[in-house]
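The values are calculated or read from the model by the stated rules, or taken from the named source; none is laboratory data. On a predicted model such as this, the values are computed, not experimentally measured, just so you know. Note that we place each Cβ from the backbone using ideal geometry, even for glycine, and neighbour counts take in every protein chain shown.
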Amino acid sequence: MLAFKQLEIKVSGRHLFAAENVHIQSGIVALVGRNGTGKSTLLKTIMGLNREFTGEIKVSDKTIQSFHAADLAKEIAIVYSKSSIFGNHTGRDVLMLGRLPYQNAFAKETVADREQVEQIIDLLQLEKFVDQEFSVLSDGEKQLIMIGRAVVQDTKIILLDEPAAFLDLVNRHQLMQVLKHIAQSTEKLILFSTHQVDVLPNICKAILLIDQGRLQLLENPKEFISTIYDSFGMNKIEKDEV
Amino acid sequence: MSLRSDIPLFSVLIIGVFILFWMNLLLGDVPMKTADVFNILTGGVADNSAWSYIIESRLNRSVVAILAGGALAVSGLILQVFFRNPLAGPGVLGITSGASLGVAVVILGGITMGSFLGNLGVIMAGVIGAIAVLLLLIFIARFIKNSVTLLVAGLMFGYFTAALINVLFLWANETDTREYVVWGLGSFEGVNSTELMIFALLIVTLSLLCFLLVKPLNALVAGVDYAASIGINIKTTRLFIIVFTGILAAVVTVYCGPVGFIGIAVPQLVRVLVKSKNHAVIIPIVFFAGSFLALSADFIVRMSSNSLPLNTVTAIVGAPIIVWVIIKMNQRNVSF
Amino acid sequence: MRELSLLAILWSLIILNSCVQHADSETSITPNQLDQEKVSIEYAEGFDVVYEPNFIKVVTQSIGENTSFTDSVFIILDSTTILDESCKIINQEEIRLACQSSTHLAFLNELNQLSQVVGLCGLEYVNNPEISEVIKENEVIELCMTDQIQLENLFQCNPDLFLIYPFGSSQNNDYASKGIHTLLIAEYLEKSQLARLEWIKLFGVLTGKSKEANAYFESVKQAYIEQKEATVPTDKTFIMNLPFQDQWFMPSSKSVGVELIEDAGISYYYSGEKGTENISHSNEQVWNDGVSADYWVIIARREANYGLADLIAEESVYKEFLSVQNHQVIFCNTATADYFSKGVVEPHIILKDLCYATGQIESHTPQYFFLLE
């Protein structure tokens, strides 16, 4: 579904990280790495918004360069860690934004668009607050709406850039349950970057780890934590503390 | 939300514009019978040979008000969404000032607006000035993420260009200075029928072109990053926004002088009133709301025998709307 | 308002009394000053000249209700006379004058006293070649930048007396504390053309040319009254001026300018409108009226060869005006004619111009107003 081949990503000419051959299938995948290793840059690059890379990124077996911007929006959706809406849009209005890539030049809403939105409201149980104004929702509710919007966009891949960064413990937990629920009920690839690694074995089937300029795919949930701690040099610190 | 829910608002505006348009034609310092006005409009002759000119002038300034008000409001709407700031508008961001500087250079340089070439020169200069300021703003916006700071930068452009124009006065002769000062007061009056054709052509064409921005604007309410993720080409969008809003504001400014408040107040008000979030619906509503406000302002100006300057009236009507919207937004804890 | 002016008069009386302190020693009056012809005021209400044994007091005061002031200067005839320090004393013989208005120059020029002027506000606006040549020769100093008095320039030319308007910033400046004597001049507030002209007497007193001033006033007065009496009143009407954006500002029916034109036998279209303020009308009102007004008197700054066609080019409705159709647009181009300055001392010529334009007199060479062709 998403594949990297001989990928090297740079920022302002500086080498950030490289990946040799990585192939990711549907399901939940976490993107882990320390601050500044390039998690956000990777997500941006997959979105086609960063052209500074060599090698190949393939979505549905086509390189991302071969997509027209409007067509790529039908393949990949994204959720950022914080979002704000300019205007008095309701949650439902925001969900409808996900249908934009499919609409004509006048953004005419079709019956199908509305049905799609209703379906996602049901799927993610957003009824309680979906008709309130987006700007008055809590951070947790806002994030659920934005995830809903990404699902409404009806793409094979959903990227999430630290979606839980501004959420409290309960909301984080809820968010993970929602992601799991989406993964179970659809055939999507859900790739989210995070710093909260402890919960990953229960959620993810794989992890993309960026460390020391290298991107690697971890596919054995039992080894997730130890591999991450090892590469971050954390085990040593813990031993010292004991 | 369905389109249908905004039909009452749209109808009220259209009817309001229609009524004001006729009031502007029928009422004035020179009292005329409705029959006389219709007679003149249908090509008839009146007892007083000046009346046909008076009706033509009333007609022209009403059409100018409708187009100029609409253009300023649409330009303000697009800028507010693009800069994600309800206080943005052609006036606040200094775009009008840029156009003024262009006009000042041409007029104070001694070219009068009367001739066709002079006209074209002034329009070009105004457009160049407006777009130059917009480009500068967008350049600065790369370094300033805080949109309030950006507005302050826009205000500074305004002061800076005003200062430059004052410097230009030093070299200008009395007649040119007077011509510029008169222009600077702002008015929908004084556009003759030939000029009106050019004006209408430009405004209508550009306003229609703004519909190319429907999807980008719908997406941009969520910010540039989200807009890009739903397939909006940000570079093209930015270019279109600069060109369309710049030319719209500049053309109005060249013909009517710097007209304030319509560009900020109308989009704000409409955003509160309108149900749809689709700019294919919002753009025409904002246009006619702008026309409505401009016509009302002009009607008040005319009822005062032209003794109230247009900008005084737009300020009296517009400023309270802006303050009201700001208060309303603060109540709902919306951050700019 | 009345209380205020009463107060002002009382106050000036107190000043007058406190000023004069007679020395005990014998007086020594120069013969030249004794010989001086006195002036008496016939029309003007804005100034007065009071002759005392030892000095002459020149008083200026407001006319009407819009402003209220009195001001005075003293000319000492007897060198032993001691006036209070607060009194503004000037010497007629070699007086150095600074003027805020170029109108003042016209009076001085008529008395051949232009050489006394050392400073002026708005040098570039002097468009009388005769005057501007003298100004250049005498190296008169520019006092103003964009309507603001430049104090340094004022000090540089160091006038004995600075003639100023009673409005705007010139009033607020505390010139006395800076050692500059000022005199408020409001000749433009006078209610008739001859009263305005009579101010030449004030300039005569200030520069010791009372005789010349009297003579000039008398001759112009005679000429003016003669022409006025020879004029046959008609029922023709006139409108005035050009619009400023979409508004026409026309003088009030009581104004000196309108009175002068009416003396040429035509009547103001808006004479029914009361008040001393300017009349302001919208475009459409004047367009409506222009169709029936016989004459159109325009005082404006335009290119030298400005004609009827240029006027119509400014607004096509003008071709429907009766005055335009009958070639009865009476135009004064302030770019070429010194209407605002020299015109004040030549009302008799202006009246002749107007009478010639309206067909009252057969032969005359117009200097200010002529019919647009």
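Restricting the stretch A:128-138 to residues that are within 14 Å of chain B (Cβ to nearest Cβ) and without any contact (Cβ under 8 Å) to a residue 40 or more places away in the chain leaves a set whose member that is farthest from residue A:168 (Cα to Cα) is A:136. So is residue C:280 surrounded by fewer than 20 Cβ atoms within 10 Å (Cβ to Cβ) and not assigned by TED's automatic domain parsing to the domain that holds residue C:127 or not? Spelling it out, residue C:280 is indeed surrounded by fewer than 20 Cβ atoms within 10 Å (Cβ to Cβ) and not assigned by TED's automatic domain parsing to the domain that holds residue C:127. Residue count for the stretch C:29-50, restricted to those that are over 13 Å from residue C:204 (Cα atoms) and either part of a loop (DSSP other than H, G, I, E, B) or modelled with pLDDT under 90 (or both): 12. Scan the stretch A:176-215 residue by residue and report those that are loosely packed, with under 15 Cβ neighbours inside 10 Å and in a strand (DSSP E or B). If the condition is that a residue be loosely packed, with under 15 Cβ neighbours inside 10 Å and in a strand (DSSP E or B), then A:214 is the only one that fits. Could you tell me whether any residue of the stretch C:280-290 is touching a Ser or Thr at 6+ places or on another chain (Cβ under 8 Å), more than 8 Å from chain B (Cβ to nearest Cβ) and among the acidic types (Asp, Glu)? Checking the stretch C:280-290: not a single residue is touching a Ser or Thr at 6+ places or on another chain (Cβ under 8 Å), more than 8 Å from chain B (Cβ to nearest Cβ) and among the acidic types (Asp, Glu).
Here are some residues: A:107, A:112. Which one is away from chain B (no Cβ under 12 Å), at pLDDT 90 or above and closer than 23 Å to residue B:215 by Cα? Break it down into steps so the answer makes sense when it comes.
On the way: A:107 fails: away from chain B (no Cβ under 12 Å).
Only one candidate qualifies: A:112.
What is the residue count in the stretch C:256-279 for residues that are among the aromatic types (Phe, Trp, Tyr) and either outside any strand (DSSP E or B) or within 11 Å of chain B (Cβ to nearest Cβ) (or both)?
Of the residues in the stretch C:256-279, 2 are among the aromatic types (Phe, Trp, Tyr) and either outside any strand (DSSP E or B) or within 11 Å of chain B (Cβ to nearest Cβ) (or both).
Taken residue by residue, the stretch C:81-96 has no member that is buried (at least 21 other Cβ atoms within 10 Å of the Cβ), modelled with pLDDT of 85 or more and assigned by TED's automatic domain parsing to the domain that holds residue C:202.
Are any of the residues in the stretch C:229-236 more than 30 Å from residue C:315 (Cα to Cα) and part of a helix (DSSP H, G or I)?
The first filter runs over the stretch C:229-236 and keeps only residues more than 30 Å from residue C:315 (Cα to Cα), leaving C:229-233.
Going one step further and asking which of them are part of a helix (DSSP H, G or I), we end up with C:229-230.
Within the stretch C:229-236, one or more residues are more than 30 Å from residue C:315 (Cα to Cα) and part of a helix (DSSP H, G or I).
Of the candidates A:113, A:122, A:93, A:168, the single residue that is surrounded by 23 or more Cβ atoms within 10 Å (Cβ to Cβ), more than 14 Å from the chain's Cα centre (by Cα) and among the charged types (D, E, K, R) is A:93. Residues that are touching a Pro at 6+ places or on another chain (Cβ under 9 Å) and not β-branched (Val, Ile, Thr) within the stretch C:72-98 comprise C:77, C:78, C:96, C:97, C:98, listed in sequence order.
If the condition is being within 20 Å of the chain's Cα centre (by Cα) and not hydroxyl-bearing (Ser, Thr, Tyr), then the stretch B:171-194 contributes B:181, B:182, B:183, B:184, B:185, B:186, B:188, B:189, B:190, B:191, B:192.
Would you confirm whether or not the stretch B:229-236 contains a residue that is more than 22 Å from residue B:195 (Cα to Cα), surrounded by 24 or more Cβ atoms within 10 Å (Cβ to Cβ) and among the hydroxyl-bearing types (Ser, Thr, Tyr)? For the stretch B:229-236, residues more than 22 Å from residue B:195 (Cα to Cα), surrounded by 24 or more Cβ atoms within 10 Å (Cβ to Cβ) and among the hydroxyl-bearing types (Ser, Thr, Tyr): present.
The condition (being within 12 Å of another protein chain (Cβ to nearest Cβ) and not in a loop (DSSP other than H, G, I, E, B)) is satisfied by just one residue among B:85, B:60, B:48: B:60.
List the helices (runs of 4 or more DSSP H) that sit entirely inside the stretch C:302-373 and contain at least 2 residues that are out of contact with any helix residue (DSSP H, G or I) (no Cβ under 9 Å at 6 or more places or on another chain) and surrounded by 14 or more Cβ atoms within 10 Å (Cβ to Cβ).
On the way: elements: C:308-314, C:322-325, C:342-345, C:347-357.
Output list reads C:347-357.
If you go through the stretch A:35-72 and keep only what is in a loop (DSSP other than H, G, I, E, B), more than 14 Å from chain B (Cβ to nearest Cβ) and surrounded by 14 or more Cβ atoms within 10 Å (Cβ to Cβ), you end up with A:37, A:38, A:52.
Within the stretch B:113-130, residues that are within 14 Å of chain C (Cβ to nearest Cβ) have Cβ atoms under 6 Å from residues that are in a helix (DSSP H, G or I) and at pLDDT 80 or above in these pairs: B:113/B:122, counting only partners at least 6 apart in sequence or on another chain.
Taking the listed residues B:268, B:331, the one that is at pLDDT below 95, in contact with a Pro (Cβ under 9 Å, 6 or more places away or on another chain) and within 14 Å of chain A (Cβ to nearest Cβ) is B:268, with no other qualifying. Within the stretch B:312-328, the set of residues being crowded, with 19+ Cβ neighbours inside 10 Å and either under 22 Å from residue B:14 (Cβ atoms) or at pLDDT 90 or above (or both) comprises B:313, B:314, B:318. Within the stretch C:59-80, the set of residues being at pLDDT 85 or above and closer than 19 Å to residue C:39 by Cα comprises C:59, C:60, C:61, C:71, C:72, C:73, C:74, C:75.
Would you say residue B:218 is modelled with pLDDT under 80, within 14 Å of chain A (Cβ to nearest Cβ) and farther than 18 Å from residue B:126 by Cβ?
Taking the combined requirement at face value, the residue does not satisfy it.
In the stretch A:83-100 there is at least one residue that is at the interface with chain B (Cβ under 8 Å from one of its Cβ atoms), in a loop (DSSP other than H, G, I, E, B) and among the hydroxyl-bearing types (Ser, Thr, Tyr).
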